[in-house]
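Below is one structure, written out as structure tokens; comments come after it.
The values are calculated or read from the model by the stated rules, or taken from the named source; none is laboratory data. Since the structure is predicted, the reported quantities are computational estimates derived from the model, not experimental observations. Heads up, the Cβs are rebuilt from the backbone with ideal geometry, glycines too, and the neighbour counts pull from every protein chain shown.
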Amino acid sequence: MSVCRALLPLVLLVSAASASHFWGGTISFLPKGRNPDGSYRVDFRYKDVFDSCGSRLNWNCVSGNCGGQTDLEVGTIYSTSSRNPSNLNWCQEEGIVTRRLTSDKPFQLSASSCCWVTINNGGWSYPWGLPVMVDLGRRSDTNEPNHSPHTTIISFVRVPRNCPRTYNFIGCDPDHDDIKCRNAATLPTGFQIDQDTCNFHYSPTASTGMYSIRLEVEDYAKQYTTLTYNDGSRSYRTPYQPTSTASPISTTSTPAGSSPFSRLPLQFAVKVEPAVPSCSAGVYLPQFLHPTPADRERLHTAINQELEIRIRASASHSVIQDLIISGPLNITKTKTLSGEFIVTWTPSSDDDGEHFPICFIAESKAGSTLYQSEMRCVIVEVKHEQATIGNVICAESFMAIEVNKSQSEKINIHEDHLRLNDPSCTLYSNGTHVFANMSLNTCGTVMEEDETNVIFKNEIVSVDNPNDVITRHHQVEIQFFCKYPKKGSVTLEFDAHRSPFVFVQKGFGTFSYQFEFFHSSQFRNMEDPSTYPLEYDLGDMMYMQIEATSPVNNTELFVESCQASPSDDPNSHTSYSIISNGCIQDETLQFFSNHGNIVKFGMKAFKFIGLHDQVFITCSVILCEADNSNTRCSQGCMNTTAAPAAHHHHRREAPIQTISHFISQGPVRLSRSVNLKDAASTVTSNGLNMNIVFIAGCLLLAMGMLCGALIYTKRPKAAYQPLPTNDYQ
């Protein structure tokens, strides 16, 4: 999103609005207290929609003392600039204007020019205007200056001619006033506004074409209220009276009757399009699915804390193309590779205690025709206190979170009632904090990917009973994530030697696995960690050892599976199986020791043909009670048709084995001096199955871009602190 900031008087701004067609807009105001010199500061948030981005509104003083502008920040909220012009391009921007006032008496501003986009109810040169009536008097019911309602809307909506539709107004008033709406101009045939709810209705009677909708939003007192001004004068408000006509604000001592505190414009364009074969949501018109929030749902966030809204839609006869959003400045939208939209926004200190509406519409396409879903809106409340409940550490192969126990105790949640996505993973406490540390592929961590980032997400949730698997009273959801950009240096980020993998599980205490390469089959000299990545010639033997260290006596280690891939991701789409279900898959694999807590094995070096010259070895390992015939370790090799061994145990039973853990080591590389033609001959003569290697290489050609982006393009190592790679289970 492009945001520009200017510290210029409003009179010096050159307006580009008249050079572009107008589609709609709105404005609200927020009193921000007194400046050091005693003057008043007021922030105005306005939204406007024109044919293109870059238009600027000139706000002119219509009546009263309007003060002067001291600051302006403008940014793009949503733009259709990449579309074909025949599909109507438009751009919504938000501006935050700060004004300095020497008086808190009522005044009126307005932005106006020519012309509306070509509309059926006004022609091609119809002028537009956005008037706002401001009153900053101190209220007797709140002892605070008056605030206007906060609202937003999608400023350009499409509706098929034959489909009735209701657009639910979203608005909130910081003073808890009654919000009402009325027409600022005669509504076209087929359109209605509910004055009490402000909901906007379309009935299938309008002709196709573009229409402008011009409404006014007003806030009325719920009880008799006095407004007091700095010069000693007063005005009065009484509750809304439907039969009376709104009158101008009075500053005399006589009650003014049912007058609004403020009046705001709410204007947008509606395009009535040809009939659609079905008006049912989910056919041509998109339908929202879980986890999309409900309409008018209230969400909460805190200063400098990123809010995330996840939205999904579908349609059987059209393709979801986009999500149109309207919300506060700096709101962003991304789309995951799975088709889910993620809307994010991080409030600043200026947003403390405020409420912000966010609206969205899903848009789909069938042929050259665009269809829109219903409009949903939510209200986001910015908390007064910054959330400090969790601290997240992102490293290149694991992530960790610590939660301040005092924060969880404030909401009456004991640490024993908190868990991660995967209930088998345990949270631990050091007295002041609850913490967890996990690899990027464990503990229920979910991976998402968009065009620019790979994101690993998990959450800490509360449960009614630690032994339950369901809950109907979810009091706590602490979501955390690590985001790794795809773009950047990708050369040496995963060349470091892997430290021992540490885990914790009841019955086995804290145990670790150490995966190392050795010089020879004697397994006396371990490869120096500083020499990684290791280099081999094709066909050379690679000697590996996995050792388990546990405080529990009488245990044995079992290597359930091993695979090679161009990354240390056990779920890599490109992989070559070495061991599967305890069975040898690679014909060059040899076991030199396979009992107790140490497994020693070796195999001949190879490479993936095509894009990569490095290989990671990833293994799934289990630690069992020795000499117990009921463990997975004792079952050894199992073919794929055999029933899988049970990898779980009841909490009240003594555990006889751990869950499976993934560990990895590498990378190893083909020596740069090797002649590939000679090397291929050497490997073939030594008996390595080159057909398998070739197939794995071909898979890499098809999938390498995805896998490479997933693993090799994480944050540079310089961004991390040297932390141990622990994985608590």
Residues located in region 529-543, provided they are at pLDDT 85 or above and not in a strand (DSSP E or B): 540
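Quick check, is residue 181 outside any loop (DSSP other than H, G, I, E, B), in contact (Cβ under 8 Å) with a residue 24 or more places away in the chain and closer than 20 Å to residue 295 by Cα? If you could, list the steps in order and put the result at the bottom.
On the way: outside any loop (DSSP other than H, G, I, E, B): yes; in contact (Cβ under 8 Å) with a residue 24 or more places away in the chain: yes; closer than 20 Å to residue 295 by Cα: yes.
So residue 181 fits the description; yes.
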Close pairs from region 146-168: first in contact (Cβ under 8 Å) with a residue 24 or more places away in the chain and closer than 29 Å to residue 220 by Cβ, partner of a type in the set (S, T, N, Q) and part of a loop (DSSP other than H, G, I, E, B), Cβ under 9 Å, at least 6 apart: 165/203; 166/199; 167/199; 168/197; 168/199
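Is there a residue in region 551-558 that is modelled with pLDDT of 75 or more, under 23 Å from residue 636 (Cα atoms) and within 41 Å of the chain's Cα centre (by Cα)?
So in region 551-558, the residues modelled with pLDDT of 75 or more come out as 551-558.
Among the residues that remain, those that are also under 23 Å from residue 636 (Cα atoms) are: 552-558.
After this cut, where a residue has to be within 41 Å of the chain's Cα centre (by Cα) as well, the list is 557-558.
The answer is yes; a qualifying residue exists.
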Contacts under 8 angstrom Cβ, first residue in region 115-144 being farther than 16 Å from residue 25 by Cα and not assigned by TED's automatic domain parsing to the domain that holds residue 27, partner crowded, with 17+ Cβ neighbours inside 10 Å and modelled with pLDDT under 95, 6 or more apart: none
Selected residue [under 17 Å from the mean Cα position of the chain (by Cα), within 16 Å of residue 391 (Cβ to Cβ) and modelled with pLDDT of 70 or more] from 458, 437, 453: 458
Residue selected from region 275-308 under the condition among the hydrophobic types (A, V, I, L, M, F, W, C), surrounded by fewer than 15 Cβ atoms within 10 Å (Cβ to Cβ) and farther than 23 Å from residue 458 by Cβ, by the criterion modelled with the lowest pLDDT: 294
Restricting region 424-448 to residues that are of a type in the set (Val, Ile, Thr) and part of a strand (DSSP E or B), the residue that is surrounded by the most Cβ atoms within 10 Å (Cβ to Cβ): 434
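In region 217-256, what residues are of a type in the set (Phe, Trp, Tyr) and at pLDDT 90 or above?
Here is the first cut: in region 217-256, the residues of a type in the set (Phe, Trp, Tyr) are 220, 224, 229, 236, 240.
Within region 217-256, 220, 224, 229, 236 qualify.
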Some residue of region 51-60 being buried (at least 16 other Cβ atoms within 10 Å of the Cβ) and not in a loop (DSSP other than H, G, I, E, B): no
Some residue of region 111-133 being at pLDDT 95 or above and either among the β-branched types (Val, Ile, Thr) or more than 30 Å from residue 360 (Cβ to Cβ) (or both): yes
In region 185-239, the residues that are of a type in the set (Val, Ile, Thr) and farther than 15 Å from residue 167 by Cβ: 186, 189, 205, 208, 225, 226, 228, 238
Residue count for region 86-108, restricted to those that are more than 13 Å from residue 45 (Cα to Cα) and either among the aliphatic types (A, V, I, L, M) or not assigned by TED's automatic domain parsing to the domain that holds residue 213 (or both): 2
Out of 423, 466, sole residue that is farther than 24 Å from residue 342 by Cβ, of a type outside the set (A, V, I, L, M, F, W, C), in contact with a helix residue (DSSP H, G or I) (Cβ under 6 Å, 6 or more places away or on another chain) and modelled with pLDDT under 75: 466
Residues located in region 150-202, provided they are small (Gly, Ala, Ser) and under 31 Å from the mean Cα position of the chain (by Cα): 155, 171
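Search region 109-137 for residues being over 39 Å from the mean Cα position of the chain (by Cα) and in a strand (DSSP E or B), and hand back the single one that is farthest from residue 150 (Cα to Cα). Quick ask: steps written out before the conclusion?
Of the residues in region 109-137, the ones over 39 Å from the mean Cα position of the chain (by Cα) are 120-127, 137.
Okay, now just the ones that are also in a strand (DSSP E or B), so 123, 127.
Details: 123: 31, 127: 25 Å.
The extreme case among them is 123.
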Test for residue 163: is it touching a helix residue (DSSP H, G or I) at 6+ places or on another chain (Cβ under 8 Å) and more than 25 Å from residue 31 (Cβ to Cβ): no
Residue in region 334-346 that is under 15 Å from the mean Cα position of the chain (by Cα), among the acidic types (Asp, Glu) and modelled with pLDDT of 90 or more present: yes
Residue within region 166-175 that is buried (at least 20 other Cβ atoms within 10 Å of the Cβ) and of a type in the set (Ser, Thr, Tyr) present: yes
